Every structure is written in structure tokens, then in C-alpha cells.
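Participant: Can you keep this structure in mind? I'll have questions shortly.
The values are calculated or read from the model by the stated rules, or taken from the named source; none is laboratory data. Since we're looking at a predicted model, the values are computed, not measured. Counting neighbours? That spans all protein chains shown, and the Cβs are built from the backbone with ideal geometry, glycine included. Protein only, heavy atoms only, side chains kept; ligands, DNA and RNA dropped before computing areas. Shrake-Rupley method; radii C 1.70, N 1.55, O 1.52, S 1.80 Å.
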Amino acid sequence: MREYFPGIGKIAFEGGCSDNPLAFKHYNAEEVVAGKTMADHLRFAVCYWHTFKGTGSDPFGPGTLIRPWDEPERPMEAAEACLRAAFEFFTKLGVGLWCFHDRDIAPEADNLAETNKRLDKIVDLAEQLQQDTGMKLLWGTTNAFSHRRFMAGASTNPSPAVFAYAASQVKKAMEVTQRLGGAGYVFWGGREGYDTLLNTDLKRELDHLARFLQMAVDYKQKIRFDGQLYIEPKPKEPTKHQYDFDAATVIGFLVQHGLDKEIKLNVEANHATLAAHDFQHDLMVAAANGMLGSIDANRGDLLIGWDTDQFPTNLYDTTLAMLTVLKMGGFTTGGLNFDAKVRRQSIDLEDLFHAHIGGMDAFARGLKIAAKITEDGKFDALLKQRYCGWEEGVGARIERGEVGFEELEAYTLKHGEPAVQSGRQEMLENLLNEYL
Ligand code: XLS
Ligand code: CA
Ligand code: CA
């Protein structure tokens, strides 16, 4: 069997004193933190599209990354080679999960029937490689945004024929995700939005999006696929406005259409920042609603301002993210998927390892710091203190729904000007830095 990453063995945990760049300094899969192994807390996944299909192209130039599994003249042979290379990478890196779009793993043919046959062939191989290696699928998804037919969206396309095509594609992608034992299925509305309202019936498109998602829920139940469905919010790019703008917008939409019990969120760091939120903001909005399902772990660049999908390296972000995950009790079906790509100049295969090792170590440190913060309880105690007024008296009566405006007016007239307290932001920021 051909080896695609020669010279690189299994990546080991060597601890903080190691200066081997191809070793983990912090991620120790079996180490127990806050009652669970790091592997179980973090549930790392490698994404297929950037890591194995990414070319390094940008709006100003074509690809720079030349991969040994690329064979443009023989697309099916190349797809098989790519899958074998991917499983070699997963095994050497020591992650347990992966994610893919249908069109990442198998190339599209001239018609849907033929395309589905190609997909089945590659899924046969994926099933065998999963068995051989113990790898599991975090989630599958559909690429209904790259092909020309989807230029005006998939489920929000003005044409019912395109809506039908997208439905057929999701049907098949959900079936293969089920076949591979996928723990979830993601909807990212690649072009579900608009570039100009001059040609867009916004109300109708939103209704169609809800109809499409209901059909997906119905089909999931019909085939008894027990994975979790997720929507991944993103505010813009490729379209000027995307309907699944951010966590709050998606949750409101799901509740409006009675889909909130069926669909959770896959929150991506770079999409939260594109929506002018902190990563932790969107995580918290989803978690507070019981709808934080899974995470796309990456980062943007605030100075560039588009979806740069870089590997996560910022300990502040990984700590706050893991604090939120610990607070909600950890992942169930979800995990941390590295929806991230190496930079255009990182042309060596080795760079794929450096990128993932760095991301895994950054989240391992975030986990350890978040566990320590949780265990110490200092932030929790300060939060409790800040809201203690709600535990008794008028606060408790408001929360229990026992009083209205008239009682509160009487309360205010009797008690006069409320006492105010400092928010202590600087002190809290200093305290957080003590942990980092
Ligand atoms: C693109 C999205 C996409 C989804 C899966 O910006 O991040 O990769 O995660 O379709
Ligand atoms: Ca993503
Ligand atoms: Ca992205």
C-alpha cells in the first residue's frame, strides 16, 4: 500500500518540554481532565474539504498546493487515492473523527444517477477504511453551493427544479452519512441568501428553506437515521446576506417553523466573527437555548475580514470556548471539527500536521485552563454574587411571575433609588489572564 506521508510516524504526546514540532505538547488523548479523557471531551475531527481537497487558491490566483493523490485525468482513481491518504493522515495524527461533503469524496458525473453510483463506490471504500482504522464520522453534509446550478441557492433557488435537485442530493448524502454511522448531518446554506433584493422574493425563499428542512426531518425519520441534524450559521459570503446569519437568527427561524426540537447548531468561530460577534457569543447563545450541538474550530483574521478559515491558535478563544462547552455538560453527538485550511504558502504535506497539532494543542490547553477555572469556582462565585438579588424578595417574585408593573411601581416608590454595583470587568480580565 502506498504511503502518502512518508517520514512522518504516529504523532505522540511528548509534553511541554519537548521541542519536537511533530509532537503534542498538551494534547494527551488518554489524560483525564474534569472526569473524562481529553479525547472524549474534545472529539476532534479532520475536515476533508480543506485538508485533502484544498488547493490554496484565492481570489487572485489559482492553487499552490500540489498533492500526491491528485490525478486530474483519472478522477475516480484520484478519489480513492485521496481517501486512502486521508485515513493514513487520520491514523498518524490520532484523531477519531472526520467530516465530509458528498462532492469532496467523490467527483460529480454527467447526471445524478451516475454521480450517486460514484459516491456509493467511494463510500464502500470509506466503510472499509473506517472498519480497518476505528475512525468514525462526526458528520456528513452536501455541497449544494459549488456547481453552477446552485448559483442562486439550493432550497431558496427561484427554480423548483433546482430545489428538487438539492433535495435529491441531501437525500443521498443523508443515506451515505447513515451508512457510515455518522453522528450528525450539517446544513450550511452556502448560497441560501441573496446578492440583491431587486431580484429576490425574500419571504418566499425563507418559506422554502423551512419547507426543505422539514422534508429533511421527515426523511431522516423515515429512514431512521439517528444522527443529529445541525444548521451552521454564517452571515455573508458567498452571498451578501445569508438567511442563517448567526446563532440567534437560526434559533428564531427554527422556533418559528417548529423545527427547534429536531435541529441544533454547528457554530463556526470564523462565522461568528464575520457576524461581528465573539466566537464565545455565538456558542453561548446556542448553549443557552440548549442547541449547541457541534463546533467548527477555526479562526478568522480581524484585519482581513473574510472567512479565512485559519487553524485555531488563540488560547483566549479556546479557553472561553471550552468554558462554554464544559458549562453545558460537554458534547454528546458533536465535537471540534477543524474546518480550517493551511495558508497558501504552506505547501508541504508536513504543514498539514503542524496545523492540526497546533489546533489540537490549543484546544487541549483551553480545556485544561477551563477545567481549572471551573474547579476553582472564582468566576462562578462572582457571577452568583452579581445576580444574588434574584434569589429572594422582589427578584424571586419577578422570576416566579408573581408580580406585574403595578407591584413593581409600588416597590420602587417604597424603596427609592436602586443601589448600583461595579461590573468589575478589568478585575475579571486580570483574573482570566492569571489562568492562561
Ligand atoms: C463554509 C462552511 C462550510 C461548512 C460545511 O464557509 O464553513 O465549510 O462547514 O458545508
Ligand atoms: Ca464550517
Ligand atoms: Ca468558514
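Participant: Ordered by residue, what ³J(HN,Hα) values in Hz, to whole numbers, does region 185-200 give under the Karplus form 6.51 cos²θ - 1.76 cosθ + 1.60, where θ = phi - 60° and Gly and Pro are x?
Facilitator: Listing the rounded values in order: 9, 9, 10, 10, x, x, 10, 7, x, 8, 9, 8, 6, 5, 10, 10 Hz.
Participant: Using a 10 angstrom Cβ neighbour count of at most 10 plus a DSSP loop assignment to flag exposed GluC sites (Glu not before Pro), which longest range of the chain is free of such sites?
Facilitator: Looking at the chain, 74-390 is the longest stretch - no exposed GluC sites (Glu not before Pro) with at most 10 other Cβ atoms within 10 Å.
Participant: Averaged per residue, what accessible area in Å² does region 302-436 show with a 1.4 Å probe, protein chains only?
Facilitator: 62 Å²
Participant: Still on this structure: In the chain, carbon and sulfur make up what percent of the accessible area (probe 1.4 Å)?
Facilitator: Carbon-and-sulfur percentage of accessible area, whole number: 53.
Participant: Further question on the same structure: Roughly how far apart, in whole Å, are the Cα centres of region 123-190 and region 237-316?
Facilitator: Using only Cα atoms to place each centre, the spacing works out to 20 Å.
Participant: Can you work out ³J(HN,Hα) from phi for every residue in region 292-302, in order, using Karplus 6.51 cos²θ - 1.76 cosθ + 1.60 and θ = phi - 60°, giving whole Hz and x for Gly and Pro?
Facilitator: 7, x, 8, 10, 9, 8, 7, 7, x, 10, 4
Participant: Work out the charge dipole of the chain with +1 on the Cβ of Lys and Arg and -1 on the Cβ of Asp and Glu about the Cα centre, then indicate which of 131, 362, 269 is farthest towards its positive end.
Facilitator: Result: 131.
Participant: Please label the shape of the chain as rounded, prolate or oblate, based on the square roots a ≥ b ≥ c of the eigenvalues of the alpha-carbon gyration tensor (a/c under 1.5 means rounded; beyond that, a/b larger than b/c means prolate, else oblate).
Facilitator: Judged from the Cα gyration tensor, the chain comes out oblate (a/c at least 1.5, b/c at or above a/b).
Participant: When the solvent-accessible surface of protein heavy atoms is calculated with a 1.4 angstrom probe, in what order do 291, 1, 151 fall, highest first?
Facilitator: Output order, biggest surface exposure first: 1, 151, 291.
Participant: Please identify the trypsin sites (Lys or Arg not before Pro) of region 276-347 that satisfy two criteria: DSSP loop assignment and at most 15 other Cβ atoms within 10 Å. Which are they?
Facilitator: Of the trypsin sites (Lys or Arg not before Pro), the ones in loops of region 276-347 whose Cβ has at most 15 other Cβ atoms within 10 Å are 343.
Participant: Let me ask you something else. Quick one: helix 75-93 against the long Cα principal axis of the chain, what's the angle to the nearest 10°, folded into 0 to 90?
Facilitator: Tilt of helix 75-93: around 50 degrees.
Participant: Run the helix sum for the chain: -39,500 (n - 2.57) per DSSP H stretch of 4+ residues, divided by residue count, reported at 222 nm to the nearest 500 deg cm²/dmol.
Facilitator: Mean residue ellipticity, 222 nm, calculated: -14500 deg cm²/dmol.
Participant: If you don't mind, another one. For region 185-283, run through the trypsin sites (Lys or Arg not before Pro) and keep only the ones in DSSP coil with at most 12 other Cβ atoms within 10 Å of their Cβ.
Facilitator: 224, 240, 261
Participant: While we're looking at this one, here's another question. Tell me, what is the percent relative contact order of the chain, built from C-alpha pairs under 8 Å that lie six or more residues apart?
Facilitator: 15 percent
Participant: Which percentage, to the nearest 5, of the DSSP beta bridges contained in the chain is antiparallel?
Facilitator: 20 percent
Participant: Which loop-located chymotrypsin sites (Phe, Trp or Tyr not before Pro) does region 269-375 contain, where loop means any DSSP state but H, G, I, E or B and the Cβ has at most 14 other Cβ atoms within 10 Å?
Facilitator: Sparse-neighbourhood loop chymotrypsin sites (Phe, Trp or Tyr not before Pro): 306.
Participant: Then there is this: Quote to one decimal, in nm, the extra length available between residue 10 and residue 433 on full extension: 0.36 nm per residue of separation minus the C-alpha distance between them.
Facilitator: Length gained between residue 10 and residue 433: 148.9 nm.
Participant: Can you sort 383, 303 by solvent-accessible area, 1.4 Å probe, largest first?
Facilitator: Solvent-accessible surface, decreasing: 303, 383.
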